[in-house]
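These notes are about the structure you will find just below.
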Amino acid sequence: EAGVAQSPRYKIIEKRQSVAFWCNPISGHATLYWYQQILGQGPKLLIQFQNNGVVDDSQLPKDRFSAERLKGVDSTLKIQPAKLEDSAVYLCASSLGPGSGELFFGEGSRLTVL
Amino acid sequence: EDQVTQSPEALRLQEGESSSLNCSYTVSGLRGLFWYRQDPGKGPEFLFTLYSAGEEKEKERLKATLTKKESFLHITAPKPEDSATYLCAVQAYALNFGKGTSLLVTP
């Protein structure tokens, strides 16, 4: 069974530039999550989708971050404009349902903002 | 507000030297407590779910236990391949992760 796929693995940008990350969850997983993990910290939930609807985006900085999950499968997370403090690993995860705490994570996309 | 505190932040063990990692939490309406393992450059990997005080789960050299205020991850006779960061997460609605304990097991 294929795992959660993410790209790109690494991205370096200047502050105020934009960046987009892509995620393909495990087939059949209705729930998709984007987490931000800053070095030395635990993952922090940015947004949770159930199929193509947003369940929780309370911690998403909506002035610069946006995410979509068209057709309830793939998802993209965009940051525009990026700030230095956005340097982090962006982890995508999926689960069978919204109440499951057993998440399957991708390898992450490491963003460095200079 | 949900809080998850893991200790110690880092732990170095000799191969075969057993120890425990701690996860203390405050949450309204705990639905589950989860342990994950994270290797460098990888995403977290699910290990255990615990739902109620007194529950225990085991997997190879790892055993997780849960009380009303904390959880322990016991590592028995660890091997170098057990070196990783161990993350604890609590679920009231969304998963709330702690900062993790970085474990290094030396030969």
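The values are calculated or read from the model by the stated rules, or taken from the named source; none is laboratory data. Remember, predicted model here, so these are calculated numbers, not experimental data. When we count neighbours, we look across all protein chains shown, and the Cβ atoms used for this are built from the backbone with ideal geometry, even at glycine. Please note that ligands, DNA and RNA were not included when accessible areas were found on the heavy atoms of the full protein model with its side chains. Shrake-Rupley method; radii C 1.70, N 1.55, O 1.52, S 1.80 Å.
Looking only at region B:17-46, which residues are open to solvent by 20 Å² or more (accessible area, probe 1.4 Å), more than 10 Å from chain A (Cβ to nearest Cβ) and assigned to a strand (DSSP E or B)?
B:SER19, B:SER20, B:ASN22, B:SER24, B:TYR25, B:THR26, B:ARG37
In region A:66-88, what residues are within 26 Å of A:GLN17 (Cβ to Cβ), of a type outside the set (Ser, Thr, Tyr) and either out of contact with any Phe, Trp or Tyr (no Cβ under 9 Å at 6 or more places or on another chain) or open to solvent by 20 Å² or more (accessible area, probe 1.4 Å) (or both)?
First, the residues of region A:66-88 that are within 26 Å of A:GLN17 (Cβ to Cβ): A:66-70, A:74-88.
Still in the list and also of a type outside the set (Ser, Thr, Tyr): A:67-70, A:74, A:77-86, A:88.
Residues satisfying the conditions are A:ALA67, A:GLU68, A:LEU70, A:ASP74, A:LYS78, A:GLN80, A:PRO81, A:ALA82, A:LYS83, A:LEU84, A:GLU85, A:ALA88.
Here's a check for you: in region A:1-14, which residue that is at pLDDT 95 or above and away from every other protein chain (no Cβ under 12 Å) is least open to solvent (accessible area, probe 1.4 Å)?
Only one residue tops the list, namely A:ILE13.
For region B:79-93, give me each residue that is buried (at least 20 other Cβ atoms within 10 Å of the Cβ) and facing chain A (nearest Cβ under 8 Å).
B:LEU87, B:ALA89, B:GLN91
Search region A:15-40 for residues being in a loop (DSSP other than H, G, I, E, B) and within 14 Å of chain B (Cβ to nearest Cβ), and hand back the single one that is surrounded by the most Cβ atoms within 10 Å (Cβ to Cβ). Walk me through it before giving the result.
In the first step, residues of region A:15-40 are kept if they are in a loop (DSSP other than H, G, I, E, B); the result is A:15-18, A:25-30, A:38-40.
In the following step, the residues that additionally are within 14 Å of chain B (Cβ to nearest Cβ) were identified as A:25-26, A:29, A:38-40.
Details: A:PRO25: 27, A:ILE26: 17, A:HIS29: 17, A:ILE38: 14, A:LEU39: 8, A:GLY40: 10.
Across region A:15-40, the extreme among qualifying residues is A:PRO25.
Does region B:51-64 contain any residue that is within 13 Å of chain A (Cβ to nearest Cβ) and either modelled with pLDDT under 95 or not in a strand (DSSP E or B) (or both)?
yes
Which of the residues belonging to region B:94-107 are open to solvent by less than 60 Å² (accessible area, probe 1.4 Å), at pLDDT 95 or above and assigned to a loop (DSSP other than H, G, I, E, B)?
Matches in region B:94-107: B:GLY98, B:GLY100.
Restricting to region A:41-58, name every residue that is more than 9 Å from every other protein chain (Cβ to nearest Cβ) and surrounded by fewer than 20 Cβ atoms within 10 Å (Cβ to Cβ).
In the first step, residues of region A:41-58 are kept if they are more than 9 Å from every other protein chain (Cβ to nearest Cβ); the result is A:46-47, A:49-54, A:57.
Passing the criteria: A:GLN50, A:ASN51, A:ASN52, A:GLY53, A:VAL54, A:ASP57.
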